[in-house]
Amino acid sequence: MADDQSEAPEPPEFRVDELFLPFAPWEQVAQAHWQHFNDDTGRRSKTCAFLGTDRSEKAAVKRWYDSKSGTIPWMEEAVRSADVLAGPGNYPDEIADPASGANILAFPVMEQAVAEGYTARNDAGDLLALVVGADEV
């Protein structure tokens, strides 16, 4: 008699290949001016990407890289957790600069991915939406 023990299949992992973050009503986003960006600066990880402004990254460098703070390693670990990978949109974020409120969002991407995207701004220059894509290298 054959040993027919089947293992439970691995649950699917939800990694980001496109992330759309609207900050304004659709009508405003539809009328926005879109601009491509590809910023090769900042911290890289094999399985997660970090999204933040120049101000939040400068604050993060001071607080997280030059000190013994474990925030970035904590965010990397959180992004790889079963809870985050089990469904889209449950991404960890952390205040990088308490004085200004600038924050950083981390999200899971495919291994060795390169992130680039688009910003949508109105005529006054206000950020209305952000699209980030992560493509395998």
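Laboratory data are not the source of any read-out in this text; all were calculated from the coordinates shown. This structure is a prediction, so every number in the text was calculated from the model and none was measured. Quick reminder, even Gly has a Cβ in these numbers, built from the backbone with ideal geometry, and neighbours come from all protein chains shown.
Provide the packing ranking of 78-89, 20-31, i.e. peptides ordered by the mean count of other C-beta atoms within 10 Å per residue, highest first. Provide the component values of the computation, followed by the final result.
Values: 78-89: 14.2, 20-31: 12.2.
Put in order of decreasing packing, that is 78-89, 20-31.
Can you tell me how much longer the chain between Asp135 and Trp26 gets when fully stretched, taken as 0.36 nm per residue apart minus their C-alpha distance, in nm with one decimal? Before the final figure, lay out the partial values.
Numbers: separation 109, 0.36 × 109 = 39.24 nm, distance 2.62 nm.
The Asp135-Trp26 span can extend by a further 36.6 nm.
Roughly how many nanometres apart are two label points built 7 Å out from the Cα toward the Cβ at Ile95 and Trp34?
Each label point lies 7 Å from its Cα, and together they span 3.4 nm.
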